[in-house]
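Taking it in order: structure first as C-alpha cells, then the write-up.
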Amino acid sequence: MDFELTDKQKMIKNMVREFAQKEIAPVAEEIDKEEKFPHEIIKKMAPLGLLAVMVPQEYGGAGLDTISYAIVIEEISKECASTGVIASVHNSLVSWPITEFGTKAQKEKFLPILAKGEKIGAFAATEDNAGTDLGALETTAKLDGDEYVINGSKTFITSGKDAEIHIVFAITDKSAGHKGISAFIVDKEKTEGFEVGAIFEKLGIHGSVTSELIFKDMRVPKENLLGEEGDGLKIALATLDGGRLGIAAQALGIAQAALEESIEYSKNRQQFGRPISKFQAIQWKLADMATNIDAARLLLYRACHAKDQGGRFSREAAMAKLFASEAAMEAAVEGVQIHGGYGYIKEYKIERLFRDAKITEIYEGTSEAQRMVISRDILK
Amino acid sequence: MVLAYAGKKQLMLEMLGKGRELANELEKELTAVIVGDENHALAEEYIQYGADKVFLIRTNQEMFKAEEYTQILTGLIEESESELVLIGSNKDGKELAPRLAAKLKAGCVSECTDIHIDDGDIITERTIFSGKAVAKEKINSKQGIITVPSKTFDPLDADTGRNGDIIEKEIMVDPSRSKIIDVKEMEHSGVNVEDAEVIVSCGRGFDNREDIELAENLAAQFKGRAIGCSRPISADLNWLPEEHWVGLSGHKVKPRVYFAVGISGQIQHIAGMRDSDIIVAINKDPDALIFDNADYGIVGDLYKVLPELIDAIENAKT
Amino acid sequence: MNIIVCAKQIVNVTDIRIDKKTNKPVLQGLDNKISDIDKNAVEEAIRVRDEKGGKVTIIMVGPSEATETVKELLAMGADEALLIPWDQDYDYHVVSELLIGGIKKLGDYDIILCGEASLDLFSGQIGPRVAELLDIPQITYAQEIGADDEKVVGDRNLGDSIVTVESSYPVLITVTKEINEPRLPSLMDILGAANKPIEILEADDVVSEVSSPTVETIDITGVSMDRKNIIYEEMPVGEAVSKLVESLGKEGVI
C-alpha cells in the first residue's frame, strides 16, 4: 500500500495547477459574475489533454488512470468550479460511456472531436419528473426507418446550451419498464428538432450554463444508439458511478480552495492586535476543515483505484461523493464564518465557493441518494 | 592587495570607501582599475577617494565584453597578487565576476551587502531566497571575488592631499568571437502592474481625475514603473481602467517599491500589494490603516508631498 | 543543432518561512521545482531545435532524486538528460567544473543555454563560469535570440539599453524570463517523458578530482518580514521628503 502519488501523477498535478492558476484564476470571477460559459478556457484545455484524460490514446486521449483524472478535476475546480463540472461531465459522463459502450465506429467518430474540444459534451438524463428516479423518464424514442425519432424534454442539463454532443436517454419500449430505456449519442448540429429551452439562473456554478433541452421529432440516425436498445439504465448507472468521482473531485477542489483562502485570510486579518489565526476558535475550524478534506481525498482516491481495478465500485464512489461534497459545504460555510463580514461580500473568493459548494450535494445523485446506494450495498 | 573595478564612477567611489577599510584591515594596498579610458583626472579622483594605486589600462578592445575584460583583470590580479577583488555589481560586473572567478578557480560571492575581515578571512553577507534570508559566507580560495551593488557602501570624503601611483599599462586581449552589432537605448514606458518594479498607486485622497498626473510624474522617476489604484478609483469613479486596480479583486502585485498615495489601506487593497518589497505610504490621516502596513510613510497632504518628493528624487539621482 | 541546457532544482522560494525561534529559514518539506528561468532556457532550446533540427539535452548537478523534476523538462520537449548527483553544498566553482565535465561527456554542442540566475540564490554565476571553463563566448541576459546555421544573434537586456550581439558557435547564452512563456506539457507529453533517457553519472565519472569548495556558508539567518513602520510626521513636508528620499536611497531604490 502506498499513499504517495506517482511521479507522473505529481507532474500532472503541478501542470494542471499551473494551468489553472495562470489561465483560469484570472477570469473565474468574471465567469461567475457574467454567467459566462468558459469557451476560451475549454479551448486551452484541449491541447493539454484535459478534455480526454481517460480516453484511450488511439482516440486522441491521454489514456490515463482515474486518480489522475480526479487530480485534474480537483485542480481545475479549485480555481473555478464551473469549469470543473463542465470538464467532469465532458470527460466522465460523455467520453467515458462512449469509450465503454460505444461501437468502434462511434468511438472513431465522436471521441477525437470531444478530445480536441471541437464539440463539448452534455449528459441529458434528468427530466422534470425523473431525477434520482431515472426509471420515470417520459422522453420517447421510436425507430422510423434508419432513424430514431425522439420527443420529450430534459432539464438541469450542465452545459446544455453550449454542448453539442449529448448523451440522451429515452424510452424505446415502455412495456419493458427499466429495461425499456435506451441511450443515444446526439450531435446537435446534425439533427433538427433540438431546441435549447430555459436557461436557469442558479445559486452557484454560474459558468456551467444549465438549461432545458426540448426535443421535437428530433431524428437521430440508428447508428447513434449507444449499446443495445434497453441498455439505457445500465449505461446511465454505470456512467454516474464514474461521474460521481468527478463530482467528488470537484467538491474536493472547492473544499481545498476554501481551506487555503481561510488560512491566508486568518493569517493576515488582525483583530485585538494579532492575526485571527492565533485564536483557538479559528484554529479548530481550520483543523476540522483540513481533516475532512484529507479524508475526502483518501476516499476519492480509493474509489478511483477500485474503478481502475475493474468490477463494481458503486459503494466506494457513493461514499467518496457523499463525503467530499459534505466536506466542501462545511469548508465553505466555515470559511465564510472565518472571513466574517468580508466573507459575505463578492470581493472575496470564499463567497463564490460558498455558492458553488452546495450543488455538489445535489447533482449526480443527492447526498440522500448516495446514502441509499451505500446502505443498499451494506445491507444486502 | 585589494583590487576594485567598476565601469561606473559613483559605484567605484562607494567600492573604494569599503575597499579602503578592508585594505587597512588586511594591511594591504587598494588598487583601482580604469579600462580603456586614459582619464588621469578620474584616476586622481580615485586616489582622493581612497585608492593607493590606479591602473590605467589601454587596450585593443572597444566595448565591454566579459570574455575580454576577464583577460585584462586576470593579468592585473595575478601581477598585483590581489587576494580580494571587488567588482561593481551592475549588469557588466555581474557577468564579469564569475567568469573571472572561473579563470582564477576562485570563490565568488554576488551582490554582497556587507564584507568584513575576520581573523584574516574574508567574510561576506548577501540576501538570498528573495530577500527572506541573509547568508554569511567565508571565502576559502586564494583569491576572493565579490560583486558590490550600488548604494551599499558610502564613499569616503575626498582627500585632495592623498597621494598614489597612477600606472599606465597596455594590455592586448584575444578578441572574443562575439560581435556587438547594435546598442539601443531602452524606452522606459510604463509596464503593466503585475510586472512593474515600481508602482505608484492612487486612492480616494486624489480629488480629481486630472490630478493622477502627479502620481504619473512620480512614477516617471523610475524604470519598470506602473500606475496602480485602489478600488474606488477604478471600479466606482472609472478614473483609471481596471488593469490598474490593485487589490483582492484587482491585480496582485509585488513590486520592489509600492507607493500608496492617498490610499486608506482597506484589507482588500492590502491583500493585493502585501508582497511588495518596500511599501511607502503618503496620507494626510495619521491613523490611516495603510501606515500599519508601510515601511516608510509621510503624514501629509499628497498635493504638497508629491511635488516635493518628485523634485527631491530628481535631485538625488544626479 | 545540439543544444545543452543547464538546469537547477530549487525549493519553492515563496514557500520558505522563517522559524521564529531559531531565526532560520525552514527548508525541509518544501516542494522542489526547476528554477523558473531555467524553464525559459529549455523553452528557447526547444524552439531553436524545432526550427533547426537537432536535439536538446538537459544537464543538472543536483540531488539524486531530482530525476523527478528533470522529467518535467523532458515532458516539455527536451530529448534527454544527464544528472550528476550532488548532495553537498552548492559551490559555484565545484558545480561548474562538474557541469563542464558532464558537457564534455555529452560530445559536440552548438549552444549552451542557462537561465540568467536561479530564483533561490540569484547569483547568476553558472553561465559565465561554464563559458570561461569551456573558453567560449557568452551572451548574457538575452531577451531574444535568433539562431542561424552559422551564427546566433542575441538581444541582451541591460536594463537601460539593449545590446545586440552576434557570435559563431559554440556559444553560451543566458536568458531572462522575458524571452518566452515556457509551455506546459500536455498529459500525453507527461506520459511520453517516462520513456526519455535520463543518464546518471557520478561526480567521479565526470571530473578526475572534485575541487574543494571555494566559498563556505557559515550561517543563514532570517530577515524580518515585518514592515518597518518608519513614519515621518509632525515635521515640515520638505524635511519628511528628504528623510524619505534618504531612506529610499539606502534601500537602493533611487
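The values are calculated or read from the model by the stated rules, or taken from the named source; none is laboratory data. Note that the coordinates shown come from a computational prediction; the quantities given were computed from them, not determined experimentally. Cβ atoms come from the backbone with ideal geometry, glycine included; neighbour counts cover every protein chain shown.
When C:ILE190, C:ILE139 are screened for being modelled with pLDDT of 95 or more and more than 9 Å from chain B (Cβ to nearest Cβ), only C:ILE190 passes. Would you check if there is a residue in the stretch A:193-210 being in a helix (DSSP H, G or I), modelled with pLDDT under 95 and not small (Gly, Ala, Ser)? Looking through the stretch A:193-210, none of the residues is in a helix (DSSP H, G or I), modelled with pLDDT under 95 and not small (Gly, Ala, Ser).
Is at least one residue of the stretch B:123-144 closer than 19 Å to B:LEU3 by Cα, among the aliphatic types (A, V, I, L, M), assigned by TED's automatic domain parsing to the domain that holds B:GLU29 and under 27 Å from the mean Cα position of the chain (by Cα)? There is at least one residue in the stretch B:123-144 that is closer than 19 Å to B:LEU3 by Cα, among the aliphatic types (A, V, I, L, M), assigned by TED's automatic domain parsing to the domain that holds B:GLU29 and under 27 Å from the mean Cα position of the chain (by Cα).
For the stretch B:293-308, the set of residues classified as assigned to a helix (DSSP H, G or I) and touching a strand residue (DSSP E or B) at 6+ places or on another chain (Cβ under 8 Å) consists of B:ASN293, B:LEU302, B:VAL305, B:LEU306, listed by residue number.
Restricting to the stretch B:53-108, name every residue that is of a type in the set (Asp, Glu), in a helix (DSSP H, G or I) and within 13 Å of another protein chain (Cβ to nearest Cβ). If you could, list the steps in order and put the result at the bottom.
Narrowing the stretch B:53-108 to residues of a type in the set (Asp, Glu): B:62, B:67-68, B:78-79, B:81, B:83, B:92, B:95.
Remaining after also requiring in a helix (DSSP H, G or I): B:67-68, B:78-79, B:92, B:95.
Result: B:GLU67, B:GLU68, B:ASP92, B:GLU95.
C:LEU172 meets each of the listed conditions (1) without any contact (Cβ under 8 Å) to a residue 40 or more places away in the chain; (2) within 14 Å of chain B (Cβ to nearest Cβ); (3) of a type in the set (A, V, I, L, M) apart from (1). If the condition is being away from chain A (no Cβ under 14 Å) and surrounded by fewer than 21 Cβ atoms within 10 Å (Cβ to Cβ), then the stretch B:242-267 contributes B:LYS254, B:ARG256, B:SER264. Just one of the numbered conditions (1) without any contact (Cβ under 8 Å) to a residue 12 or more places away in the chain; (2) more than 11 Å from chain C (Cβ to nearest Cβ); (3) among the polar types (S, T, N, Q) is not true of B:SER201: (1). Cβ-Cβ contacts under 9 Å between residues 6 or more apart (or on different chains), taken from a first residue in the stretch C:23-42 that is more than 19 Å from A:ASP7 (Cβ to Cβ) to a second residue that is exposed (fewer than 14 other Cβ atoms within 10 Å of the Cβ) and among the hydroxyl-bearing types (Ser, Thr, Tyr), are listed as C:ASN23/C:SER224.
Take the conditions surrounded by fewer than 18 Cβ atoms within 10 Å (Cβ to Cβ), of a type in the set (Gly, Ala, Ser) and not assigned by TED's automatic domain parsing to the domain that holds A:HIS206 and apply them to A:ALA52. Does it pass? Full working, then the answer.
On the way: surrounded by fewer than 18 Cβ atoms within 10 Å (Cβ to Cβ): no; of a type in the set (Gly, Ala, Ser): yes; not assigned by TED's automatic domain parsing to the domain that holds A:HIS206: yes.
Judged against the criteria, A:ALA52 is not a match.
A:LYS44 fulfils the conditions (1) over 18 Å from A:HIS305 (Cα atoms); (2) within 13 Å of another protein chain (Cβ to nearest Cβ); (3) buried (at least 22 other Cβ atoms within 10 Å of the Cβ) except for a single criterion, (3).
Taking the listed residues B:ALA41, B:ALA32, the one that is buried (at least 24 other Cβ atoms within 10 Å of the Cβ) and either over 21 Å from C:LYS250 (Cα atoms) or not basic (Lys, Arg) (or both) is B:ALA32, with no other qualifying. Residues that are surrounded by fewer than 24 Cβ atoms within 10 Å (Cβ to Cβ) and touching a helix residue (DSSP H, G or I) at 6+ places or on another chain (Cβ under 9 Å) were ranked within the stretch B:90-103; the one that is nearest to B:LYS18 (Cα to Cα) is B:ASN90. Which numbered condition trips up B:ALA219, out of (1) closer than 30 Å to C:VAL165 by Cβ; (2) in contact with a Lys or Arg (Cβ under 7 Å, 6 or more places away or on another chain)? Condition (1) is where B:ALA219 drops out. C:ILE126 fulfils the conditions (1) modelled with pLDDT of 95 or more; (2) surrounded by fewer than 24 Cβ atoms within 10 Å (Cβ to Cβ); (3) among the β-branched types (Val, Ile, Thr) except for a single criterion, (2). Taken over the stretch A:117-166, residues that are crowded, with 24+ Cβ neighbours inside 10 Å, of a type in the set (S, T, N, Q) and either outside the structural domain of A:LYS179 (by TED's automatic domain parsing) or at negative phi (or both) amount to 1. Considering only residues in the stretch B:170-218 that are of a type in the set (Lys, Arg) and more than 30 Å from C:VAL171 (Cβ to Cβ), the one that is surrounded by the fewest Cβ atoms within 10 Å (Cβ to Cβ) turns out to be B:ARG209.
When residues in the stretch C:152-187 are screened for being in a strand (DSSP E or B), of a type in the set (S, T, N, Q) and modelled with pLDDT of 95 or more, 4 of them pass. Of all residues in the stretch A:55-67, those being part of a helix (DSSP H, G or I) and either buried (at least 24 other Cβ atoms within 10 Å of the Cβ) or under 14 Å from the mean Cα position of the chain (by Cα) (or both) number 1.
Would you be able to say whether some residue in the stretch B:109-121 is within 7 Å of another protein chain (Cβ to nearest Cβ), part of a strand (DSSP E or B), closer than 26 Å to C:THR140 by Cβ and free of Cβ contacts under 8 Å to residues at least 60 places away in the same chain? Before you say what the answer is, go through the steps one by one.
Within the stretch B:109-121, the subset within 7 Å of another protein chain (Cβ to nearest Cβ) is B:109-110.
Filter again for part of a strand (DSSP E or B), leaving B:109.
Subsequent filtering for residues that are closer than 26 Å to C:THR140 by Cβ retains B:109.
Okay, now just the ones that are also free of Cβ contacts under 8 Å to residues at least 60 places away in the same chain, so B:109.
Checking the stretch B:109-121: at least one residue is within 7 Å of another protein chain (Cβ to nearest Cβ), part of a strand (DSSP E or B), closer than 26 Å to C:THR140 by Cβ and free of Cβ contacts under 8 Å to residues at least 60 places away in the same chain.
Considering the stretch A:253-297, the residues that are without any contact (Cβ under 8 Å) to a residue 24 or more places away in the chain and of a type in the set (Phe, Trp, Tyr) include one that is farthest from the other protein chains (Cβ to nearest Cβ), namely A:TRP284. Just one of the listed residues (A:GLU4, A:GLU30, A:GLU35) is of a type in the set (D, E, K, R), outside any helix (DSSP H, G or I) and over 21 Å from A:LEU299 (Cα atoms), namely A:GLU35. For the stretch B:242-269, enumerate the residues that are touching a Gly at 6+ places or on another chain (Cβ under 9 Å) and either in a helix (DSSP H, G or I) or among the small types (Gly, Ala, Ser) (or both). Once the filter is applied, which keeps residues that are touching a Gly at 6+ places or on another chain (Cβ under 9 Å) and either in a helix (DSSP H, G or I) or among the small types (Gly, Ala, Ser) (or both), the stretch B:242-269 yields B:GLU242, B:GLU243, B:HIS244, B:GLY247, B:SER249, B:GLY250, B:ALA260, B:GLY262, B:SER264, B:GLY265, B:GLN268, B:HIS269.
Just one residue in the set C:GLU166, C:GLU246, C:GLU233 is within 7 Å of chain B (Cβ to nearest Cβ) and either under 30 Å from B:ILE115 (Cβ atoms) or touching a Lys or Arg at 6+ places or on another chain (Cβ under 8 Å) (or both); that residue is C:GLU166.
Here is a check on your reading of the model: is B:ILE166 within 10 Å of another protein chain (Cβ to nearest Cβ), farther than 30 Å from B:PHE259 by Cα and outside any loop (DSSP other than H, G, I, E, B)? No, not satisfied. Looking across the stretch B:273-292, the residues that are outside any loop (DSSP other than H, G, I, E, B) and either touching a residue at least 60 places away in the same chain (Cβ under 8 Å) or hydrophobic (A, V, I, L, M, F, W, C) (or both) come down to B:MET273, B:ILE278, B:ILE279, B:VAL280, B:ALA281, B:ILE282, B:ASN283, B:LEU289, B:ILE290, B:PHE291.
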